[in-house]
1. Whole angstrom only: what separates the Cα centroid of segment 230-272 from the Cα centroid of segment 13-92?
2. When the helices in the chain are scored as -39500 (n - 2.57) per DSSP H run of 4 or longer and the sum is shared across all residues, what 222 nm value do you end up with, to the nearest 500 deg cm²/dmol?
3. Select from Lys137, Lys115, Lys258 the residue whose mean-square fluctuation is largest in a Gaussian network model of the chain (Cα-Cα springs shorter than 10 Å).
4. Tell me which GluC sites (Glu not before Pro) from segment 1-78 have a DSSP coil assignment and no more than 15 other beta carbons within 10 Å of their own.
5. Given the options Pro280, Gly110, Tyr121, identify the residue whose Cα lies farthest towards the positive end of the charge dipole of the chain (+1 on Cβ of Lys, Arg; -1 on Cβ of Asp, Glu).
6. How about Lys295: which aspartates and glutamates have a C-alpha closer than 19 Å to its C-alpha, ignoring those fewer than 8 places off in the same chain?
7. Would you mind telling me which residue in Ala38, Ala168, Ala93 has the biggest mean-square fluctuation in a Gaussian network model of the chain, where springs connect alpha carbons within a distance under 10 angstrom?
8. Of Pro165, Ser149, Ile198, whose Cα points farthest to the positive end of the dipole of segment 104-231 (charges on the beta-carbon: +1 Lys, Arg; -1 Asp, Glu; origin at the Cα centre)?
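What follows draws every value from the coordinates through simple rules; no lab data is involved. In this text, all values refer to a predicted model and were calculated from it rather than measured experimentally. Neighbour counts are summed over all protein chains in view; Cβ atoms, including those assigned to glycine, are modelled from backbone coordinates with ideal geometry.
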Amino acid sequence: MKIDQINYFIDPVMPQRLDYRIGCIGAGFIMRDCHLVAYTDAGFNPQAITSLSVEESNAIATRHNIPKVYENWHQLIADPDIEIVDIAIPPDAQLEVIREVVKQKDHIKGVLCQKPLAMNYQEANQIVGLCGDAGIKLGVNSNMRYDQSIRALKSILNQGFLGEPVLATIEMRAIPHWQEFLKKYDRIEILNMGIHHIDTFRYLFGDPERITALTRQDPRTTFTHVDGISQYTFQYSNGFMASSLDDVWAWPGEGAEKDIYIKWRVEGLDGMAQGTIGWPKYPEPTPSTLEFTTKEFPGMWIRPKWNKVWFPDAFQGTMAQLLVAVENNTEPEISGRDNLTTMAVIDACYQSIKEEKTIYMY
């Protein structure tokens, strides 16, 4: 193989049919600036929207050419034309919506839920069970799996360029915008930001044998919270380790210089890969990066390039994987059932923090 023949497989598999009629619940940033922008670019077919504000729903419907606006989500899911429900609301509210969605199984074929799927494993398991019993495909918007650098990394791992993985790390120095609804929770960083890294480790390397997590409160976050700045390590039965440091402090404030970034690195027996995630510079379009060196092509770094970015382009993939599952009657790539393990790992992180010990997953 020549270097220019390597395929990084960053693009999602698309359904044959693009015009599945999508009903959108929620009108916040993720729906307005990510989902709907990505769907337009992909040629998907949002047909209805609802949110807590009819005025905001109308404005977004006008912006994105959505023909129907409903006063509430009960009306939207009852519309017999809606085939796919796209939910972008706080995690503690998703179970209530799903309980009603499954009653509309005659016309609703698939649901895309936000991550986290719920506040804990038990609630997430209820959502998975309800959709399974109704025969409705359930996908989860774990969108970091469709970040272009992570997608390309998965490809080179699968092709063996790095050999057996030895160590993987993610280092995040970034300041998330904690949404207003999060202030009523005590689980903050791991459940709402670290979940990206936790799910990505699972996507790349499979499920860990044991987990150790540490945290301290973030001085910038004034509302009550268990986890602010977090560090968690996955250990596998073969000795492989994957560890993330999530630093949401990152910058003391005016008068100090900023150094904001997300970096990742994977070391294997036959090579090494490292890269950056472009998200901290949003809304400036900043592609994530990857470079790798391998014994197969000695003495060089290989640096593929692409123009796409995590936000919003990755959101084409999370909807596409659900539509493909509906079309082919298969399990979604990021299914609710698969996501239960991500939720179990998150619960294990909080248990590790509380009990100050390593937690065994099995």
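1. Cα centres, segment 230-272 to segment 13-92: 35 Å.
2. Values: 9 runs with 103 residues, N = 362.
Theoretical 222 nm ellipticity from helices: -8500 deg cm²/dmol.
3. Answer for the Gaussian network model of the chain: Lys258.
4. Details: sites: Glu55, Glu56, Glu71; in loops: Glu71.
Sites meeting the loop and neighbour criteria: Glu71.
5. It is Pro280, whose Cα lies furthest towards the positive end.
6. Asp4, Glu164, Glu267, Asp270
7. Residue with maximal mean-square fluctuation among Ala38, Ala168, Ala93: Ala93.
8. Selected residue: Ser149.
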